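The values are calculated or read from the model by the stated rules, or taken from the named source; none is laboratory data. Computed from a prediction, not measured in an experiment: that's the story for all the values here. Cβ placement follows ideal geometry from the backbone for every residue including glycine, while neighbour counts extend to all protein chains displayed. Please note that ligands, DNA and RNA were not included when accessible areas were found on the heavy atoms of the full protein model with its side chains. Shrake-Rupley method; radii C 1.70, N 1.55, O 1.52, S 1.80 Å.
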Amino acid sequence: MFDRQLENIKDRNTIRVGATFEVPQSRYYGEYGGVYVAETLVPALIELEQGLLHIVPDEEFQNEYRRLLRDYVGRPTPLFHARRLSKELGVEVYLKREDLNHTGAHKILNALGQTLLAKKLGKTRIIAETGAGQHGVATATCCALLGLECTIYMGADDVERQRVNVERMKMLGATVVPVKSGTRTLKDAINEALRDWTTNVRTTHYVLGTVFGPYPFPQLVRTFVSTIGFEAKAQFTEAFGGLPDVVVACVGGGSNAIGIFSAFLEDDVELVGVEAGGLGIETGKHAARFQTGKVGVFQGTKSYVLQDEFGNTLDTYSVAPGLDYPSVGPEHAFLHDTGRVRYTYVTDTSAVSAFRMLAKLEGILPALESSHALAYVIENAAELKGKSVLINLSGRGDKDLSIVISYDGESKKHHGGMRNA
């Protein structure tokens with residue numbers, strides 16, 4: 001039904017965003033993506049696509065968005081040469097400092113773009129899901145800025161793990177709804193947000209937080225977070241007259257990874273996505289979708305999903321709430337199958353160790369999500385020796401400090417180590 005209704009929509013080839021880049025417009029990435037939703041959501045998705053095609057590229061929207069990125073968010077974020085870490089590893093490590101954004105993560109790029117678009121579409125209420133709390137805080141912040149009602153769905157276990165971010169969201173005027181169903185984590189929060197959106201679609205926009213869900217969400221989120229990659233590429237080229245040898249990012253839903261990879265997809269640069277290996281692949285307690293996942297339909301889109309032999313979605317686990325998710329954005333599935341991006345994983349123990357190492361050597365507390373990307377570089381330093389490596393430091397780790405402090409490395413066996421997908 002959705003495909004038929006889209007037949008009359010023209011101008012579907014590309015959209016130009018600002019003066020810097022064009023975004024290919026497609027409902028699918030190879031066999032992945034698409035629209036698998038209840039009919040009640042179809043009109044809202046069509047309205048959203050029209051916004052993506054005609055409002056987002058508009059000069060007035062772009063001027064307002066980029067003014068707020070500069071004056072409110074604090075962009076461009078710096079490119080930082082981590083000299084002490086580089087010396088320790090024998091690898092030239094550069095960090096794209098998304099942790100220095102207002103609200104402390106890359107998530108505000110997407111939240112600001114979607115809330116601005118929602119207001120242009122006449123919506124008065126915003127809902128969102130959050131795992132680590134970073135997307136929830138970013139969305140609540142933008143709603144406060146723009147005067148929009150805000151409700152955030154969050155798994156009950158994540159509410160406990162990220163108590164500080166919950167209080168931040170409430171302080172910003174948002175209503176935080178703990179979700180007690182299922183595994184009480186991110187996937188259950190998304191389910192509840194989709195139910196809310198289905199009921200209140202006329203007045204409400206769902207600010208989905210990553211490059212996932214039914215089209216046009218993967219493309220919409222990609223459009224806003226691509227700023228990361230284009231900034232990093234320009235900064236690296238200006239500073240060093242060339243490109244990095246390797247770009248590394250953690251992968252939960254995949255927004256920060258697509259954000260930085262998108263600018264390098266056509267370049268001779270190795271791209272590495274790092275998933276959550278949790279307690280080790282063999283334990284079943286992980287969120288490494290490309291290791292043991294199978295192709296399936298989940299929460300409105302087709303991608304790799306952790307599932308059993310009957311197609312039931314499996315529970316996931318990660319010390320990093322933002323990576324604790326059973327599926328992955330459809331563009332990542334396509335990039336995995338084509339071999340353009342290599343996907344691997346690290347365990348909780350490795351990520352926590354990387355968190356501590358960066359803190360001691362560079363005075364930076366990285367989010368546990370970003371620590372997975374750092375851990376990959378640390379564990380593969382011998383292989384990467386002499387190369388320049390760009391890591392997307394997607395968020396800051398203040399929110400994770402209590403988890404790291406209480407982490408019992410002795411009881412969490414490092415079973416899995418590293419594997420290439």
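Remind me, relative contact order of the stretch 265-421 in percent, using alpha carbon pairs under 8 angstrom and six or more residues apart? Intermediate results must be reported in sequence, preceding the final value.
Numbers: 273 pairs, mean separation 41.9, N = 157.
That works out to 27 percent.
Compare Ala359, Ala276, Ala138 in a GNM of the chain, Cα atoms joined below 10 Å, and give the one with the largest fluctuation.
With Cα springs under 10 Å in the chain, the top fluctuation among Ala359, Ala276, Ala138 is at Ala359.
For every other residue with a beta carbon closer than 11 angstrom to the beta carbon of Arg168, add +1 if it is Lys or Arg and -1 if Asp or Glu, then tell me the sum. Walk me through the numbers before you get to the answer.
Numbers: positive: Arg163, Lys170, Lys399; negative: Glu167, Asp398.
For residues surrounding Arg168, the net value is +1.
Counting each DSSP H run of 4 or more residues in the chain as -39500 (n - 2.57), what helix-only mean residue ellipticity at 222 nm follows after dividing by all residues, to the nearest 500 deg cm²/dmol?
Working: 18 runs with 167 residues, N = 421.
My calculation for the chain gives -11500 deg cm²/dmol from helical runs alone.
Taking every DSSP beta bridge that has both residues in the stretch 274-360, what percent is antiparallel when rounded to the nearest 5? All intermediate terms of the calculation are to be shown ahead of the outcome.
On the way: 8 of 11 bridges.
Antiparallel bridges: around 75 percent, rounded to the nearest 5.
For Val295, what residues show an amide H to amide H distance below 5 Å, using hydrogens built from the backbone and excluding near sequence neighbours?
When sequence neighbours closer than 5 places are left aside, the close amide H contacts are Val305.
Binned at 5 Å from 0, what are the whole-percent values of the Cα-Cα distance distribution for the stretch 18-142, short to long?
Percent of Cα pairs in each bin: 2, 9, 14, 16, 18, 17, 11, 6, 4, 2, 1, 0.
Quick one: which residues, 5+ away or cross-chain, put their amide H under 5 Å from the amide H of Glu149? H built at 1.01 Å from N.
Amide H neighbours of Glu149: Ile126.
Which peptide among 368-374, 396-402, 379-385, 148-154 comes first, and what is the full order, when sorted by highest mean count of other Cβ atoms within 10 Å?
Ranked by mean Cβ neighbours within 10 Å, highest first: 368-374, 148-154, 396-402, 379-385.
Within the chain, which cysteines find no other Cys whose Cβ is under 4.7 angstrom from their own?
That list is Cys142, Cys250.
Determine Rg/Rh for the stretch 67-130; Rg is computed over alpha-carbon atoms and Rh is the Kirkwood hydrodynamic estimate from the same atoms. Please list the in-between numbers first.
Details: Rg = 16.6 Å, Rh = 14.0 Å.
Result: Rg/Rh = 1.18.
log10 I(q)/I(0), Debye, Cα-only the chain, no solvent, q = 0.07, 0.11, 0.14 Å⁻¹?
Log-scaled intensity ratios, in q order: -0.29, -0.74, -1.29.
Leaving ligands, DNA and RNA out of it, rank Tyr345, Tyr304 by accessible area with a 1.4 Å probe, largest first.
The residues order as Tyr304, Tyr345, largest area first.
Once you order the gyration tensor axes a ≥ b ≥ c over the Cα atoms, which shape class does the stretch 268-421 get: rounded for a/c under 1.5, otherwise prolate or oblate by comparing a/b with b/c?
Values: a/c = 1.82, a/b = 1.30, b/c = 1.40.
The shape class here is oblate.
Structure shown: which of Lys187/Lys399; Lys96/Lys399; Lys180/Lys233 lie over 30 Å apart, alpha-carbon to alpha-carbon?
Lys180/Lys233
Cβ under 12 Å from Arg83's Cβ, Arg83 left aside: what net charge do those residues give with Lys, Arg +1 and Asp, Glu -1?
Numbers: positive: Arg84, Lys87; negative: Glu88, Glu92, Glu362.
Around Arg83, the surrounding residues sum to -1.
Identify which of Gly209, Gly253, Gly363 has the largest mean-square fluctuation in a Gaussian network model of the chain, with springs joining Cα atoms closer than 10 Å.
Gly363
So what is the accessible area of the stretch 264-327 per residue, in Å², with the probe set to 1.4 Å?
For the stretch 264-327, the per-residue accessible area is 36 Å².
Could you tell me what percent of the DSSP beta bridges with both partners in the chain are antiparallel, to the nearest 5?
Numbers: 21 of 55 bridges.
Of those bridges, close to 40 percent are antiparallel.
What are the aspartates and glutamates whose alpha-carbon lies under 16 Å from the alpha-carbon of Lys294, with same-chain residues fewer than 8 places away excluded?
Output for Lys294: Glu31, Glu275, Asp308, Glu309, Asp315, Glu331, Asp337.
What aspartates and glutamates does Lys360 reach when the alpha-carbon gap must be under 13 Å and sequence neighbours fewer than 8 apart in one chain are set aside?
Within the straight-line cut-off, Lys360 pairs with Glu88.
With a cut-off of at most 16 other beta carbons within 10 Å, and DSSP calling the residue loop, which GluC sites (Glu not before Pro) in the stretch 237-280 qualify? Please list them.
Details: sites: Glu238, Glu266, Glu270, Glu275; in loops: Glu266.
Here the GluC sites (Glu not before Pro) that fit, given the DSSP loop and packing criteria, are Glu266.
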